[in-house]
Ligand SMILES: NC(=O)c1ccc[n+]([C@@H]2O[C@H](COP(=O)([O-])OP(=O)(O)OC[C@H]3O[C@@H](n4cnc5c(N)ncnc54)[C@H](OP(=O)(O)O)[C@@H]3O)[C@@H](O)[C@H]2O)c1
C-alpha cells in the first residue's frame, strides 16, 4: 500500500516506539495521523511536532482497556476521518519482575492493555477495513514472547499471541497483516520484522 494521502491510527503514540512510528509515517507522506494514548497533553505535544511537518493530526485520549469508550471512539473517528487505511497497535505495558516477585495485577494489566486492548480496537477497525476491502494492521510485539527473560515474568503471555494472531487473522482479511517485533531501543533500524500475508497461506 502506498501511504501517501492515506490515514493511519497509531496507539501508544504519546511516547516511545509509537511516537517514533507516528513521526516516521508523517515524514513518509501520510495524509492524517490519528494518535491514541491516555495522556492528552503528551499526545498534543506529539501532534504539534507532526503538524510542523505539514501532516494533519487528530488526538484521541483513550484507555484501550475501556472497550465501550473504544467502541464509541472508533465510530466517531471513522465518521469524521475514515476510512482508516493503516492501524499500528503499539500501546503496551511491560512490568519488570522475576516470576516469584511478580503480582497478579501486573499480569492482568499487561493482558488487558497489550492483548485485549489490541483485540478490541483491531476487531472494530478490521471489520470496517473488510467492508472497504482495504487496510493494513501492524501489531508491535516483543521477542519476550519467544525468548525467556528472567526479569519479565508476566510479559510473555500477552506478547506471544501477538506473533501468531496475524497468521490467523489474515485468512479473514483482504489485505496483508504484519507482526512487528522491536527488540532493541532506541534503534528502529535494529527491529526484527515478522510478516504474514496471503501469499504465505
Ligand atoms: N521498548 C522496548 O524495548 C520494547 C521491546 C519489545 C517490545 N516492545 C513493545 O512495544 C510497544 C511500545 O513500547 P514502548 O517502549 O514504546 O513503550 P512506552 O514508551 O512505555 O509507551 C507505551 C505507550 O502505550 C500507551 N498506553 C499504555 N497503556 C495504555 C492504555 N491502557 N490505553 C492506551 N494507551 C496506553 C502509553 O501512553 P499513555 O501512558 O499516555 O496511555 C504509551 O504511549 C509495547 O507494546 C511494548 O511491549 C517494546
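Here, each number is a calculation from the coordinates, and none is a lab measurement. Because the structure is a prediction, the values reported are computed rather than measured. Neighbour counts are summed over all protein chains in view; Cβ atoms, including those assigned to glycine, are modelled from backbone coordinates with ideal geometry.
Model label sites at residue 31 and residue 116, defined 7 Å from Cα along the beta-carbon direction, differ in position by 3.6 nm. Model label points for residue 100 and residue 63, set 7 angstrom from Cα along the Cα-to-Cβ axis, are 3.4 nm apart. Going from the fewest other Cβ atoms within 10 Å to the most, the residues 3, 125 appear in the order 3, 125.
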